[in-house]
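First the structure, in the form of structure tokens, and then the observations on it.
The values are calculated or read from the model by the stated rules, or taken from the named source; none is laboratory data. Just so we're clear, the structure is a prediction, and the values are computed from it rather than from any experiment. Because the Cβ atoms are built from the backbone with ideal geometry, glycine has one as well, and the counts that use them run over all protein chains shown. Areas reflect the complete protein model, heavy atoms only, side chains present, ligands, DNA and RNA absent. Shrake-Rupley method; radii C 1.70, N 1.55, O 1.52, S 1.80 Å.
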Amino acid sequence: MIKNIITLSIAATVAATSLLPNTADACTRMLWNTNNDFVIVGRNEDYFSASAPTLVKTPHGVSRKGSNESNTPTISWTVKYGSVVAYANNRFPMDGMNEKGLTARTLYFNEGDIDQHAATDTSKPVLQADHWVSYILDNFSNIEDAVNALKQLRLTAIHGGYSYVESPKHLSMADASGDSAIIEIQNGELKIFHGKQYTVMTNPPNIQTQMEDAHNRAIDANDGSFPSTWGAEDRFQKAQYWLNNMPNIKPSDGMNAAYGFMYSALGTTAFVPGIPLPEEDKAVGEKILKHTKPEDSYGVATYLQSISDLTNRHYRFKSLLAPADVYLDLNSMDWSAQQKVAVIPRIDRYAQQGLQGNIAEAFTPINEPDIYQQNVIN
């Protein structure tokens, strides 16, 4: 069912002077929601490093608010649904899912002057970008409820201090029914695109342009018309092509085959280490790399991939630094309020830590009440 586009006002607190290039900070999200047996979401994270990610398990009962700034009027909540989320730089939740099969992630996006202030309703409480994913996964089990709640908030971007916030973001969500929403800051306004047709998200241009271009461009995998670059528009159209053409999974092969299909499709949009950095990307690269340890960077590459199985509540995670993925079965995890927030530091290095298969036992409780009270890690 196609839903209306909902336009909200937004105040962006990001300081930037130019449009960032697609190749420097790119990602791809694919929602496979046309199979009757499952709904899964795949994601590539393309960056200059893995952004020192921490995998965070958040149980019920944790108290949170929508901003770390003491003078900002914000929203507060208590975690209702447990989740596992990759936090870039130990601070910014960028990819994860909750126990009810709702998933959310942020990717690079910038359109227009991100310092532009729309006619903002300042009576609405603030939800800053480094709390978007956690707010959604902590509180909701479906897209409809999440979208309705976001309409009551004043979303703002953040900027500076660590590598993952050196570029602005947009947000995608999906639930176990296959429903989807994409949220973008467009020329100072926040727009929510809600409906099952929003299956692909990459980077600029905006989602309206991406979908129109994909509709108007006839491509074939064998006649020379297939997209051949790593730009956002080509990646969008490649991802959409595979979602439109992937065959049904044979019952005897099950979900392992579905995961394999998704990783295969994600691979066609991935950045192989060693891809040259264009001259025009050097400025933004320097901004990001100043927060990045040299030993953590192989240049521009797809550092992380994830698959969220919303039907079976499995979260899979694949690092550039590992030959195979690892996973979590959210059905078997203890989300009770008696549990502490727990982490697996530097989840990009799980292979180097000797982790394989189901990694649920590798979580270690933290001393602080919440991950947001720990230090940023670059």
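The table below gives the values:
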| quantity | calculated |
| --- | --- |
| Asp234 vs. criteria under 18 Å from Arg43 (Cα atoms), free of Cβ contacts under 8 Å to residues at least 24 places away in the same chain and open to solvent by 10 Å² or more (accessible area, probe 1.4 Å) | yes |
| Segments classed as helices (runs of 4 or more DSSP H), wholly inside the stretch 178-280, with at least 2 members that are basic (Lys, Arg) and at negative phi | 232-245 |
| Selected residue (criterion: nearest to Ser163 (Cα to Cα)) from residues of the stretch 356-378 that are in a loop (DSSP other than H, G, I, E, B) and either open to solvent by less than 40 Å² (accessible area, probe 1.4 Å) or touching an Asp or Glu at 6+ places or on another chain (Cβ under 8 Å) (or both) | Gln374 |
| Of all residues in the stretch 160-177 being part of a loop (DSSP other than H, G, I, E, B) and either free of Cβ contacts under 8 Å to residues at least 40 places away in the same chain or polar (S, T, N, Q) (or both), the one that is surrounded by the fewest Cβ atoms within 10 Å (Cβ to Cβ) | Ser177 |
| Residue ID - modelled with the lowest pLDDT, chosen from residues in the stretch 100-113 that are closer than 27 Å to Glu144 by Cα and part of a loop (DSSP other than H, G, I, E, B) | Glu111 |
| Residue, farthest from Ala26 (Cα to Cα), within the stretch 187-227, restricted to residues that are among the acidic types (Asp, Glu) and in contact (Cβ under 8 Å) with a residue 24 or more places away in the chain | Glu189 |
| Matching entry among Phe38, Phe92 (being surrounded by fewer than 21 Cβ atoms within 10 Å (Cβ to Cβ), modelled with pLDDT of 95 or more and either under 19 Å from Ser167 (Cβ atoms) or not acidic (Asp, Glu) (or both)) | Phe38 |
| Some residue of the stretch 295-309 being open to solvent by 20 Å² or more (accessible area, probe 1.4 Å) and of a type in the set (A, V, I, L, M, F, W, C) | no |
| Residue tally, condition under 22 Å from the mean Cα position of the chain (by Cα) and open to solvent by 20 Å² or more (accessible area, probe 1.4 Å), over the stretch 334-350 | 3 |
| Of all residues making up the stretch 169-189, the number that are under 17 Å from the mean Cα position of the chain (by Cα) and either among the acidic types (Asp, Glu) or within 17 Å of Leu107 (Cα to Cα) (or both) | 14 |
